[in-house]
Amino acid sequence: MSFENYDWSDVVPIEQDDGPDPLAQIAYDPEYSKAMGYFRALAQKNEHSERALTLTEKIIEHNPAHYTIWHYRQQILFSLNKDLYEELDFIRNQVEQNPKNYQLWHHRQVIVEKLKDCSLESSFTEEVLNDDSKNYHAWTYRQWVIRTFNLWDNELSFVEKLLEKDIRNNSAWNQRYFAIFYNPTKPSEEFLEQEVQYGITKIKLAPNNISPWNYVKGVIAKSKLKIDVLEELCKTLYQQGIISPHALGCLVDIYEDRAKCGSINEKELGIQTCILLAEQHDTIRQKYWNYRKHVLASIA
Amino acid sequence: MTSTEKTERPSELFIDLHVKYIQSLDTKKDDLEYWLTEHLRLSGVYWGLTALDLMNNVDALNKEEVVKYVVSCQHDNGGFGGHIGHDPHLLYTHYAVLILQIEDSLDAVNVEKIVEYVASRQDRQTGAFTGDEWGEIDTRFSYSAISCLSLLKRLDAIDVKKATEFIMLCKNFDGGFGSTPGAESHAAQIFCCVGALAIVNSLHLVDADLLGWWLCERQLKNGGLNGRPEKLEDVCYSWWVLSALSILGRVHWINKEKLIDFILTAQDLETGGIADRPGDMVDVFHTLFGLTGLSLLGYPGLKLVDPVYCLPKYVVQRVGLAERYHAKYGGGFT
């Protein structure tokens, strides 16, 4: 039922108060302007009713980022004891049209918290991520669901699916890290070693993509392994003629570690690699590589 | 812009055009866009006013009207809404304080009530901040609260130690920060976290080399910056990325000339204003962050911007706050 079908004869719409600016105002869309007039009047007396609920729907359809409307809608939903599963459907439709709206995602969280039922959430976020696999809101919300309802078990296989589709998806790599290291069950050392091997396999598929490099380094930092474990990979890539600034940069890390332990030879190799990066393979970040060279050169 | 114009690279910043563009924004009331952005009108005033001030034209908006408008957005609980009649929210409370500091008009509002409101947004158990009474948590809100209270010199009103602990829980394996613990690193969240840490004297908690590298990795071949790996470049990251790099004293890791070219190319030479990327529609948000980016790069003709507060530097000095970053401006580009 449209909000216009309700009886509004007892409500005096409150027009927009646009502050001290004296300019005349003409709203482009008369329906939106009318709905807002009623909303201001109802909100003032805090009316919780079916007609108010329908009104919020109208305004949200026009302008989902209007955060005051969402708060008002929540109050009405709860005080009228509305079927919150219907609300989840409403949100799903809204998210399809506005997948990056902060209010919508938080609203869903509030409703799901109230329902204490997460059974629809994994498939819901999966659907959204199918359309945009890097939607920050969807990922953050998915993490909240996993943490709140203890849904850690299937997350790695979900991430795996996404990485197979797009190995450059940094959000999926981040989620992989989340699924392993934010899980209350801590990973074994053996598992971490396998994880590094997994990362290496993926790097070979896209050596110029930063995400798996960062991920593998992150896992190494959490394990007993050292960064040298990537040395063979970096050198093999180079020998195969695959020039990846990330592989060369990783060699700089390895050489720097060894230089700090006293290896003069590796110190020189590190400096040469920095020069290679600064002057040939990553010239846009020349100043960064010059800095790394300087750090290496000052190791006593 | 036509496609031939798009490829043409403007060689300078058209300040007069941008000033006119910002002045024109408030007169477009028969555009639907104006009405649909009502909930963030206060942020719009902040973006516009700061941009004008950086371009040495702060008087292009009437001070008395601006202050009167900001005051009319304050609620009894001390918080500000995004516009008259909109619910109070931490983000808009922060914007209100930023505007009032630019206009040097803090005495127009009840500061003690603002402090009370901002402090009430902190969860004393976790140290995190919620945007409003509805409970959304985000490191953006941590930054807003800390910056706002610092500008009011009332950081004593919150548990700074706990606030810092929460921010550090949002630090990731790549050196960056996300919106909540475990959330992906994102340049805008990184600005918020690094800025907040700078204000509370905790920059030593940042892995500056690792994060600095992640940030300068955001620069793409066309000179523009993106906010996450494999995403498109966008002028607003000229602010989020550069500010964080400036705070960490590593802004020179970016290729300055290429980035300046990218921002200048995103200007609209007909309407004024700067877009997210060359050829797109301009808006006041990208206009500000294009200008703040240029300011951090030492571009001539613009006032210096403070990378922590996103205010003209002279405003931060007038408030009497210490410089809490290592940035070298303009001439420091070696």
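Read-outs throughout are calculated quantities, based only on the coordinates presented, and are distinct from any laboratory measurement. From a predicted model like this one, the values you see are computed outputs, not experimental measurements. Quick reminder, even Gly has a Cβ in these numbers, built from the backbone with ideal geometry, and neighbours come from all protein chains shown.
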Relative to the compact-globule estimate 2.2 N^0.38 Å (N residues), the Cα gyration radius of the stretch A:228-299 stands at a ratio of 1.02
Take residue B:165, project a point 7 Å from its Cα along the Cβ direction, then tell me which residues of the stretch B:126-143 have their backbone nitrogen under 15 Å from it.
B:126-129
Scaled to the compact-protein estimate 2.2 N^0.38 Å, what is the alpha-carbon radius of gyration of the stretch A:166-300, rounded to two decimal places?
1.10
If the cut-off is a Cα-Cα distance under 18 Å, which aspartates and glutamates reach residue B:258, setting aside same-chain residues fewer than 8 apart in sequence?
A:279, A:282, B:8, B:12, B:217, B:233, B:234, B:276
Report, by chain and number, residues whose modeled amide H sits under 5 Å from the one on residue B:306, excluding near sequence neighbours (fewer than 5 apart, same chain).
B:311, B:313
Counting other beta carbons within 10 Å of each residue's own, what order do A:201, B:292 fall into, fewest first?
A:201, B:292
Among all the lysines, which ones have a C-alpha under 16 Å from residue A:58's C-alpha, if same-chain residues fewer than 8 places away are not counted?
A:34
What list of whole percents do you get for P(r) of chain B, with Cα-Cα distances grouped in 10 Å bins up to the one holding the largest distance?
6, 27, 36, 25, 6, 0
From phi via Karplus (6.51, -1.76, 1.60), per-residue ³J(HN,Hα) for the stretch B:84-101 in Hz, x at Gly/Pro:
4, x, 9, 4, x, 8, 4, 4, 6, 5, 5, 4, 4, 5, 4, 4, 5, 5
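Students often check this: by mean Cβ neighbours within 10 Å, which of A:283-295, A:188-200, B:186-198 ranks highest, and how do the rest follow?
On the way: A:283-295: 18.6, A:188-200: 15.1, B:186-198: 26.9.
Descending packing order for the listed peptides: B:186-198, A:283-295, A:188-200.
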Could you give the Stokes-Einstein D for the stretch A:56-134 in µm² per second, using the C-alpha Kirkwood radius, 20 °C, 1.002 mPa s?
166
In Å, descending, principal axis extents of the Cα set of chain A:
88, 49, 32
Going residue by residue through the stretch A:211-217, the Karplus relation 6.51 cos²θ - 1.76 cosθ + 1.60 with θ = phi - 60° gives ³J(HN,Hα) values, rounded to whole Hz and with x marking Gly or Pro, of 4, x, 4, 4, 4, 4, 5
Can you give the average number of partner chain beta-carbon atoms within 10 Å of each beta-carbon in peptide B:255-261, as a whole number?
1
Between residue B:112 and residue A:263, with labels modelled 7 Å along Cα→Cβ, what's the label distance in nm to one decimal, could you check?
6.6
Other chains near B:174-186: what is the mean number of their Cβ atoms within 10 Å of each residue's Cβ?
6
Pairs A:226/A:287; A:100/B:221; A:45/A:116; A:202/A:222; A:134/A:217: which are spaced more than 23 Å apart, C-alpha to C-alpha?
A:226/A:287; A:100/B:221; A:45/A:116
Förster radius 22 Å - calculated FRET efficiency between residue A:156 and residue B:232 (Cβ-Cβ, nearest 0.05)
0.15
Among the aspartates and glutamates, which have Cα under 13 Å from the Cα of residue A:260 when same-chain residues fewer than 8 positions away are ignored?
A:268
So what's the Cα pair-distance distribution over the stretch A:152-225, bin width 5 Å, in %?
3, 17, 29, 29, 16, 5, 0
Along the three principal axes, how long is the protein assembly as shown when you take its alpha carbons, biggest first, rounded to the nearest angstrom?
86, 57, 54
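Based on other C-beta atoms within 10 Å, arrange A:85, B:21 from fewest to most.
The order, fewest Cβ neighbours first, is A:85, B:21.
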7 Å from Cα along Cα→Cβ at both residue B:60 and residue B:258: what's the point-to-point distance in nm?
3.1
In sequence order, calculated HN-Hα J values of the stretch B:253-265 (Karplus, 6.51, -1.76, 1.60; Hz; x Gly/Pro)
6, 7, 7, 4, 4, 5, 5, 4, 4, 4, 5, 4, 5
Of the candidates B:299, B:92, B:314, which one comes out as most mobile in a Gaussian network treatment of chain B with C-alpha springs shorter than 10 Å?
B:314
Under a plain spin-label model, where a point goes 7 Å from the Cα along Cα-to-Cβ, how far apart in nm are residue A:228 and residue B:317?
5.3
Highest GNM mean-square fluctuation, chain B, Cα pairs closer than 10 Å: which of B:160, B:282, B:45?
B:160
Rounded to 0.05, the calculated FRET efficiency for the beta carbons of residue A:7 and residue A:45 at R₀ = 22 Å is 0.90
Among A:87, A:47, which comes first, second and so on when ranked by fewest other beta-carbon atoms within 10 Å?
A:47, A:87
In degrees from 0 to 90, rounded to the nearest 10, what is the angle of the helix A:286-297 Cα long axis to the longest principal axis of chain A?
50
Determine the shielding of peptide A:171-181 by partner chains: average, over its residues, the number of Cβ atoms on other chains within 10 angstrom of each Cβ.
4
Which residues' amide hydrogens lie under 5 Å from the amide hydrogen of residue B:128, considering only partners 5 or more residues apart or on another chain, with H built in the peptide plane?
B:123
Using a 10 angstrom cutoff on alpha carbons, build the Gaussian network for chain A and name the most mobile of A:238, A:177, A:136.
A:238
For residue B:177, what residues show an amide H to amide H distance below 5 Å, using hydrogens built from the backbone and excluding near sequence neighbours?
B:172, B:186, B:190
Find the Cα radius of gyration of the stretch B:194-334, compare it with 2.2 N^0.38 Å by division, and give the number to two decimals.
1.01
